[in-house]
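Trainee: Below is a structure I'd like to ask you about.
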Amino acid sequence: MFANKLHEKAHELLRDQKYEESISFFDKALIENPEHPDIYSDRGVAFLHLKLKEKSLDDFEMALEMQPSYSFRYAARAYAKDFFGDTEGAIEDYEKALELDPDDAVSYNNLGLLQEKLGYKKQAQDNFERADQLSKQENHLYQIMDDLEGNSVEPAVKNDSPTEHQTIDPNATRERNISTFREFSRIFTSRKQFTEFLKFLKNGLKIK
């Protein structure tokens, strides 16, 4: 979610690939909310697109320090580390992300690609299989949301060809998750309703 209106504007500029302008608004947003990790993380993405390594990694590090138990922070930094050529560091961060969230399809996918790159084919294949399995479950959930709300939601990991995997930006999937959360909030009026719905899905659409 957005910390303030300046953050939202900055995010719109980032989405429109106006990176330098977005950074100006992220800076202003931080003046209003200096301890909001999403502003740092989003600004880190803008710096990444401008290939400003130190500034990008510093922002991802700041966001992680604020939320050290949030798996997304490690996945986002891992993506940046890989982008800037630190394969080993990226692997460590993806492994930490999965330690915190064992159901993160994107991190399994990206970790598998890095392991494959370094020649760890068995580990890579295991992670690809796990990513495909989890993404099928997630995509089924989003398809239900699509049917309920008439929205088109992009899958986290595309399964058109199970043998072809590409690096996925965790920041892009976070946007999808925020959008979907808003839709869920409109449909489920309580945490209990949402929890029961998730159990229903995990049981294969069977009431138990």
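The values are calculated or read from the model by the stated rules, or taken from the named source; none is laboratory data. For clarity, every value in this text was computed on a predicted model and none was experimentally measured. Positions of Cβ are generated from backbone atoms using ideal geometry, with glycine treated the same way; all protein chains shown enter the neighbour counts.
Trainee: Quick one: which of I144, I168, I91 is assigned to a helix (DSSP H, G or I), modelled with pLDDT of 70 or more and of a type in the set (V, I, T)?
Mentor: I91
Matching residues to (1) free of Cβ contacts under 8 Å to residues at least 24 places away in the same chain; (2) within 13 Å of the chain's Cα centre (by Cα); (3) closer than 21 Å to E129 by Cα; (4) not assigned by TED's automatic domain parsing to the domain that holds Y19:
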{"position": "S56", "(1), (2), (3), (4)": "no, no, no, no"}
{"position": "A63", "(1), (2), (3), (4)": "no, no, no, no"}
{"position": "A105", "(1), (2), (3), (4)": "no, yes, yes, yes"}
{"position": "N109", "(1), (2), (3), (4)": "no, yes, yes, yes"}
{"position": "L118", "(1), (2), (3), (4)": "no, no, yes, yes"}
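Trainee: Restricting the first residue to region 73-94 and requiring it to be among the β-branched types (V, I, T), which pairs with a second residue that is in a helix (DSSP H, G or I) and modelled with pLDDT of 95 or more meet a Cβ separation below 6 Å and a spacing of at least six or different chains?
Mentor: Matching pairs, first to second residue: T87/L114; I91/L114.
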